[in-house]
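Reading through the structure tokens given below for one structure.
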Amino acid sequence: MPYQQRGVERLYPGTSRRLWRWEDEIIDGEPFDGNLLVDRTVHARDPYTRQIYVSGIVTILRADRRNRRMNWYVVRDAEPHEAARVRCSEATWQEEEPGR
């Protein structure tokens, strides 16, 4: 899975986190590589390119060096207990909605 962010070196093997990416929208709704299925959320759709911006919870298995940069990662969908930790973390750090 390609990954672009500042501080990419902080993605250690064994950590679970939510990742986002643009992917082609497919009729059956399944991603091309079978990833990002745990807590999968579609955040945006681009009607011109027929792409969707999705997120899901994965566990990092290892960095995969391409072009001498660590910008690809081998991941798998998070197990239930791993996803629960990510959801708890998100709930703890969730911003309050205005007016609450």
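The values are calculated or read from the model by the stated rules, or taken from the named source; none is laboratory data. Keep in mind that this is a model prediction, so the values were computed, not measured. As a convention, Cβ positions derive from the backbone with ideal geometry for all residues, glycine included, and neighbour counts pool all protein chains shown. Heavy atoms of the whole protein, side chains included, go into the accessibility calculation; ligands, DNA and RNA do not. Shrake-Rupley method; radii C 1.70, N 1.55, O 1.52, S 1.80 Å.
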* Name the one entry in Pro47, Pro13 that is touching a strand residue (DSSP E or B) at 6+ places or on another chain (Cβ under 7 Å) and modelled with pLDDT of 85 or more. => Pro13
* Structure fact -> Filtering segment 44-57 for residues that are open to solvent by 40 Å² or more (accessible area, probe 1.4 Å) and either in contact (Cβ under 8 Å) with a residue 60 or more places away in the chain or within 12 Å of the chain's Cα centre (by Cα) (or both) leaves a count of 1
* **Pick from segment 71-100, criterion outside any helix (DSSP H, G or I) and open to solvent by less than 70 Å² (accessible area, probe 1.4 Å), ranking: modelled with the highest pLDDT** => Ala78
